[in-house]
Each structure stands twice: as C-alpha cells, then as structure tokens.
Amino acid sequence: LTLTAPSGGIDANFDATTLNTTSSGTQFLQEANSVTIGTSGLTAGSSTITLGGGTLILGGSDRINDSTDVNVSGATFDIGDFSDTVNTLTLTSGSISGTSGVLTSTNTIQTKSGSVSAILAGANGLTQSTGGLTTLSGTNTYTGVTNVTDGTLLVNGSIASEITVTGGILGGSG
C-alpha cells in the first residue's frame, strides 16, 4: 500500500496494516488503530507528522525522514527494537514505547504529558513544559540539559544529562 496524504491526513476509516507515505504537507494519523510503517518510510518533508490516536508501529529502523518533526498527541508510537532519527520529537500526550530501539531527535525533545519507555537520544536535551506529567522509564542517552520549566517530570529510568528545574517538579525512582 502506498498512500499520499495531503493536509487532510488519515482518519479513523483508514484500514491498513502497512503505511508508506510521502507528502510535502503536515500529516495526521487520527485513530488509526494499529499501523506499521513500511519499508518505503514515512515523511512529511520538513513538516510535522502528528499521531493523534491509535498505535503507530515502527516496522524497521530508519523509516521516518530525518527532517520530519513527529508529534505524539494522544497516540502510542511503538518503536520496539528499531531505531530512527527525527528532526524534533514532541510528546504532547500518549506514549512512546520501545524495548531496545533508540529514538533520536536532532533538536530538543519536547515533553508535555505522557509516558516514554523507549530510549531517547540526541545532542540537544529535553524540555518538560506545561502543567502535565511525563514519565521517562527508559535508559535514555540524550545529552544536553534536561529542563523542567513546568509540570512534572518523573524519571523512573535514567538520563545522561544535567538537570535544571526552573519551575515544575522533578521526581521518580531513577
């Protein structure tokens, strides 16, 4: 299945097990149930892929274009054992799950609310903002400062960077 999805995106009526898309606009996956990214990959060029519901499974390593932003907003993004790099990773709500796979963000990782069990990597740190609660439970390898500016960041795994709290709460068992 090859699908070109302009700004209208993919909604709850989309029914496929493998997704390969190329588009120059913003793409949305809304209530897609369970979809696996196929070998041709998934790209929005230099725009944003917003995962708005259901589960998106990374079907192999390097399936998302490195210049594409990914926003997990009410969905589950399951990277499993695979690794990929995106431009900017944002967790608005929902979860980013994984076992030994690594999700690398070229820019600062943005978290607002949700949970992350996948390993997060990158050189520009992580910022927890807004009044939400984010839980990190993976063995994260990103460098750069972890900034908590609002809300709550619970680290139940580990992070490899210094932490700055200018607002909000830092906690957890890690």
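Miscellaneous remarks
- The range 63-143: proportion of alpha-carbon pairs further apart than 17 angstrom, %: 36
- Linear extension gain, Thr99 paired with Ser173, 0.36 nm per residue minus alpha-carbon span: 24.7 nm
- Estimated at 0.36 nm per residue, the fully extended path between Thr164 and Thr106 surpasses their Cα-Cα distance by 18.9 nm.
- For the range 107-174, relative contact order (Cα pairs under 8 Å, six or more residues apart, normalised by length) works out to 28 percent.
- Two-decimal log10 I(q)/I(0) for the range 125-174, as the Debye equation yields it once each C-alpha is a single scatterer, q = 0.14, 0.23 Å⁻¹: -0.27, -0.76
- Spherically averaged projected area of the range 58-103 from its Cα convex hull (nm²): 2.7
- Computed on protein heavy atoms with a 1.4 Å probe, the accessible areas place Ile96, Ile119, Ile169 in the order Ile169, Ile119, Ile96, largest first.
- Taking every alpha-carbon pair under 8 Å whose residues sit at least 6 apart, the range 51-173 reaches a relative contact order of 16 percent.
The values are calculated or read from the model by the stated rules, or taken from the named source; none is laboratory data. All values derive from a computational prediction rather than experimental measurement. Heavy atoms of the whole protein, side chains included, go into the accessibility calculation; ligands, DNA and RNA do not. Shrake-Rupley method; radii C 1.70, N 1.55, O 1.52, S 1.80 Å.
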